[in-house]
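Worksheet for the structure shown next.
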Amino acid sequence: MDPREAAALAAAQRRLSEPSWSEGGAPRWLEGRPEEGGRSVLVEHSAEGKTRILSPPGVSVRSRLHAYGGGSYCTGSRGDLFLVEDGSQHLLHLPRTGETRVHRPPRPGALGGLVWDGFHRRLLLVLETNEGDRLLAFHPGDGRWDVLHEEADFLMQPAADPGGRRLAWIAWDADVMPWERARLLVANLDTGGRLRGRPAVFGGEIAHLEPLFTPEGRLLVLADGGGRWRIERVEDGQTRPFVETEGEIGRPAWNAAVRHYGTVDEGTLLLVEIRGGASRLLRRDRDGGLRSLGHPFTEVADLATGPGRALVLAGAPGVPLCAARLDPSGETPKILASSLPGGLPEGAELPEPRRWSLPLRNDLPLHGWLYAPPGETPRPPPLVLRCHGGPTAAASPLFEPRLLLWHSLVAAVLDLNYRGSSGFGRAFRLALAGSWGRSDPADALRALVRLAREGAADPTRLALAGSSAGGLTVLRALERRAVSGAVLWYPVTDLAALEEEEVRFEKPYGAHLLDRNPENRRRLARLRTPRPRGGLLTTPLLVVQGRDDPVVPAHTTVAFVEDLHAHGGHADLHLLAGEGHGFRRGENLARLYALEASFLASVLHLHERTATGRR
């Protein structure tokens, strides 16, 4: 495949997120459209097979809660819609009939976590300000806002009892991330929906996620006290295991709205199990039996359930992320919309990757997905090793135009899950505590050595790629070993500056990843900030940075590149206007992929193909 086709696919790919169901059973989701500058619109799929936009013209629907968003919209009663407008973070109320109403929150801040409380006919949501989070109730009848709870630093995922008697949500303190420790709070309500007494608190030393009231009023929650996230039942003042699998049910809540389980019938659940880096759907019947639902997906990113139905955002190496409707009985899913509206050109599918692992001395093996290059190669191929961001994100077997780009250049690709990645249990997820910038680059270098020994990669033609925290991993690895080239998207380059300017949600991340003691943390931040030395001075870099990035400020990337140049290093820096932490504009993506194809073809000495196709 011509690399230019991969660039065109990247420029056209839409971001699908936040699946849900309307009152009448119509599937809905958000689409981020690169052809409209990344604007996010709410769409609905009708029974006739047509998709229509529900959000107002020109409005981008996006929560900025905790910087990464989640819960950007909600369906109320009688067909009403509630949306968070991206730029202002105001609440838009779209009644089924009549004009759109705009409501300012009680204080300036970011809104998210929208949930409809049908019993009390109100909207539940979270407001984040510089002072802290507040759990709010908005009454559409009179436009009134009530503060329900504000006694925790961070809040997310409110859930309403269908009988109107209880309210549940997740809370955590400002010195931890929610996948380290997060509490479940459960409050009793009076007849007016106000909290009655202080909420009950569950779990101080483990991470809770996604509280859910079943239609019968039973409260469930995800908890990782058993070493991996599982579904637990809350009753009689304590939590008990309810559904446990050999894998993990849940991921770190960077986006506060992602769901990993839900009810489809009385006593019946659907759940997403992550195991070995891939995910699948399981059905838990009322008798407690578990069975896998047949489907072609290897990555299930999000789930919305309803009576007798399920909507997933899912994909596979040969299936771009799509919105698909499933019958919980296990019938073949029906794809409603693809993130690539024009579909994949012939020959554009990624090959099935090979599950790759490397044992370590501490019994926490490295994991990854190894994509072989196309066709027969007379000698070991060049290889691109990617380090994902987070660092608690994960590499999964899913089609991406960027993987296709690398593959089209006749290169092997290893998508690495280094220590700290999610989906492998609590111990692996927290394995970078105190060792960020030390253990993860060591893992990347170990992987390169092993791949060369296996004959899976040419040791003279190796490239690294990393974004955000993965960029730090790459840069620290290059201090110890030069490779043919490295591609960096919005890389973390200054740990001290990152902690000073970090968004509020991520302020505790340095304490977890470096050291709880402030003095030690500052010392380690200086020691583990990449410096122009070793392989960094001889490895060519392609660096791409959004000018409006709130997480990794552009000036830190510019300062790093200037320092590297002053010491004789080589870095080609491209600053993208109108882009933040993640690139959304189609024209920028097309330009970026063309740059990356040309760069990799040059540094890896790819003669079979170039950035402009076959020679």
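A few comments on the model shown:
- Those residues of the stretch 104-120 which are under 18 Å from residue 71 (Cα atoms) and surrounded by 15 or more Cβ atoms within 10 Å (Cβ to Cβ), in sequence order: 105, 109, 110, 111, 112, 113, 114, 115, 116, 117
- Just one of the listed residues (362, 417) is buried (at least 21 other Cβ atoms within 10 Å of the Cβ) and not aliphatic (A, V, I, L, M), and it is 417.
- With respect to the stated conditions, residue 269 is buried (at least 21 other Cβ atoms within 10 Å of the Cβ) and under 25 Å from the mean Cα position of the chain (by Cα).
- Qualifying positions in the stretch 387-414 - within 20 Å of residue 581 (Cβ to Cβ) and assigned to a strand (DSSP E or B): 387
- Count - residues of the stretch 518-558 that are within 30 Å of residue 69 (Cα to Cα), among the aliphatic types (A, V, I, L, M) and open to solvent by 50 Å² or more (accessible area, probe 1.4 Å): 0
- When residue 441 is tested against the conditions (1) outside any loop (DSSP other than H, G, I, E, B); (2) modelled with pLDDT under 95, the lone failure is (2).
- Selection within the stretch 358-384: residues that are among the small types (Gly, Ala, Ser) and more than 23 Å from the chain's Cα centre (by Cα). The member of this set that is modelled with the highest pLDDT is 372.
- Answer residue from the stretch 3-33, given it is at pLDDT 90 or above and among the basic types (Lys, Arg) and is farthest from the chain's Cα centre (by Cα) among those: 28
- The residues of the stretch 79-93 that are open to solvent by less than 20 Å² (accessible area, probe 1.4 Å) and not aromatic (Phe, Trp, Tyr), listed by number, are 80, 81, 83, 84, 89, 91, 92, 93.
Per-residue answers, yes or no, for (1) at pLDDT below 95; (2) farther than 30 Å from residue 177 by Cβ:
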{"site": "526", "(1), (2)": "yes, no"}
{"site": "557", "(1), (2)": "no, no"}
{"site": "568", "(1), (2)": "no, yes"}
{"site": "583", "(1), (2)": "yes, no"}
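- In the stretch 560-597, the residues that are of a type in the set (Gly, Ala, Ser), open to solvent by less than 50 Å² (accessible area, probe 1.4 Å) and not in a loop (DSSP other than H, G, I, E, B): 571, 580, 582, 586, 590, 597
- Candidates 344, 403, 370, 385, filtered to the one that is crowded, with 24+ Cβ neighbours inside 10 Å, of a type outside the set (S, T, N, Q) and within 22 Å of residue 320 (Cα to Cα): 385
- Residue 380 fulfils the conditions (1) more than 30 Å from residue 53 (Cβ to Cβ); (2) in contact with a Gly (Cβ under 9 Å, 6 or more places away or on another chain); (3) assigned to a loop (DSSP other than H, G, I, E, B); (4) open to solvent by less than 50 Å² (accessible area, probe 1.4 Å) except for a single criterion, (4).
- For first residues located in the stretch 35-51 and open to solvent by less than 20 Å² (accessible area, probe 1.4 Å), partners that are of a type in the set (Gly, Ala, Ser) and part of a helix (DSSP H, G or I) and lie 6+ apart or on another chain with Cβ distances below 9 Å form the pairs 38/586.
- Residue within the stretch 481-495 that is of a type in the set (A, V, I, L, M, F, W, C), touching a residue at least 12 places away in the same chain (Cβ under 8 Å) and within 12 Å of residue 525 (Cα to Cα) present: yes
- In the set (1) open to solvent by 10 Å² or more (accessible area, probe 1.4 Å); (2) in contact (Cβ under 8 Å) with a residue 40 or more places away in the chain; (3) within 23 Å of residue 313 (Cα to Cα), residue 230 fails one condition alone, (2).
- Selection count where residues are within 24 Å of the chain's Cα centre (by Cα) and part of a loop (DSSP other than H, G, I, E, B), scope the stretch 34-70: 11
- Among the residues examined, residue 76 qualifies as buried (at least 20 other Cβ atoms within 10 Å of the Cβ) and more than 26 Å from the chain's Cα centre (by Cα).
- When 196, 144, 183, 165 are checked against the criterion of being free of Cβ contacts under 8 Å to residues at least 40 places away in the same chain and under 26 Å from residue 304 (Cα atoms), a single residue qualifies: 183.
- Residue 510 touching a Cys at 6+ places or on another chain (Cβ under 8 Å) and either at pLDDT 95 or above or under 30 Å from residue 109 (Cα atoms) (or both): no
- Any hit, the stretch 167-175, residues being under 13 Å from residue 253 (Cβ atoms), buried (at least 19 other Cβ atoms within 10 Å of the Cβ) and not aliphatic (A, V, I, L, M): yes
The values are calculated or read from the model by the stated rules, or taken from the named source; none is laboratory data. From a predicted model like this one, the values you see are computed outputs, not experimental measurements. Cβ coordinates were reconstructed from backbone atoms using ideal geometry, including for glycine residues, and neighbour counts include every protein chain displayed. Surface accessibility is based on the protein's heavy atoms, side chains included, excluding ligands, DNA and RNA. Shrake-Rupley method; radii C 1.70, N 1.55, O 1.52, S 1.80 Å.
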